[in-house]
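The values are calculated or read from the model by the stated rules, or taken from the named source; none is laboratory data. Just so it is clear, the structure is predicted and the values come from calculations on it, not from any experiment. Cβ: placed from backbone, ideal geometry, glycine included. Neighbour counts: every protein chain shown.
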Amino acid sequence: MARPTIKDIAQAANVSAMTVSNVLNGRRAKASDETVERIMSAVRTLGYRPNMSARSLVSNASRMVGVLIPFTENQNQLLLDNPFYAEVISGIESALRTNGYYMMLAGIGERTVELDTLSGWGMDGLIVVGAYREGLFEQLRALDLPTLLVDSYIEDDHFYRLGIDDEAAACRATHYLIGRGHRGVAFVTGVIRTDGVVERRYAGYRRALDEAGIAFDPSRVLSGSVTFDWGLESAARIAARDDITAAFCTADLVAAGLQAGLLKLGKRIPEDISVMGFDNLSVSRMIYPALTTIDQSILAKGRLAGNLIAAILDKKDVPRRTVTDVIIIERDSVARRR
């Protein structure tokens, strides 16, 4: 069966093809409500779907936004293995769809970065989550597309950026634990990379210790990967020490693993060791005890990213740097220590 066209819609609705085109492309000012309803009824009846390739040739715009997730720690990890990415991408897709854009999602291993194929996608713009300066950066710049970096500290006027103040957020989390009597606070995290989110959170942890007059102990820093398994592995090291009474994890996924490991080793949470996370993923409410954490509103951040790139592509005035707030969510995993 032949694919229905705008002319078929026009004939069925008894209007001109130009009127159909105007209505389908959002230009409805000259069409009555009754005309719009007839056209949309014909669209539903005939099963009309717009030809995006033809539309992009006419308008010189594909209405397509590429969303890239660089694999920065484990080149074999699954794209949505970390629930953080699933949540932020859900927000991005929702906002893009609302703004009339479509999403093309790809994961990229930084040691085998090949972005040449992106040009063939005919994208209008890019959203890149968690990019570092090495590897991916120069190739992204060479694409010369409007690009929004989410959770990245690349300083370059070619890009727009969206994120939180990671150093201030981590400092606040560490102060929260110190304020509850914990002077032996471990820092459990992924790889600490130059100009990355984790490096900023590490700086915030160090700053809070310094402001509280607590000597920094490098043996309390456990750097591995942003995974449940790393938290699980870290539990044995923390449980073996009497000087650590609390742990600040830079991701809820790590904190969930740490809590599971500590409980398996017979440690009570929070009576023996308090645990604090970062992100406020849904898992933070599901584990036992429920996790005290930093909420950075991931879904809302994703929606904001989608709205920002849509505004950029629609030639609206958008700041180069957008910073969102965080709050502490108090649950059951942190105790006040006398």
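Things to note:
- Helices (runs of 4 or more DSSP H) fully within the stretch 1-112 counting 2 or more residues that are among the basic types (Lys, Arg) and modelled with pLDDT of 80 or more: 33-46
- Taken over the stretch 199-258, the criterion of being in a strand (DSSP E or B) and either of a type outside the set (Gly, Ala, Ser) or surrounded by 23 or more Cβ atoms within 10 Å (Cβ to Cβ) (or both) is satisfied by 221, 222, 246, 247, 248, 249.
- Test result for residue 195, on the phi > 0 side of the Ramachandran plot, surrounded by fewer than 17 Cβ atoms within 10 Å (Cβ to Cβ) and not assigned by TED's automatic domain parsing to the domain that holds residue 70: yes
- Some residue of the stretch 214-224 being in contact with a helix residue (DSSP H, G or I) (Cβ under 7 Å, 6 or more places away or on another chain) and closer than 22 Å to residue 331 by Cα: no
- Scanning the stretch 270-301 for residues that are of a type in the set (Val, Ile, Thr) and touching a strand residue (DSSP E or B) at 6+ places or on another chain (Cβ under 6 Å) gives 275, 292, 293, 294.
- The residues of the stretch 280-338 that are assigned by TED's automatic domain parsing to the domain that holds residue 254, small (Gly, Ala, Ser) and in contact with a Pro (Cβ under 8 Å, 6 or more places away or on another chain) amount to a single one, 282.
- The residue list 225, 284, 297 contains one member that is on the phi > 0 side of the Ramachandran plot and among the polar types (S, T, N, Q), which is 297.
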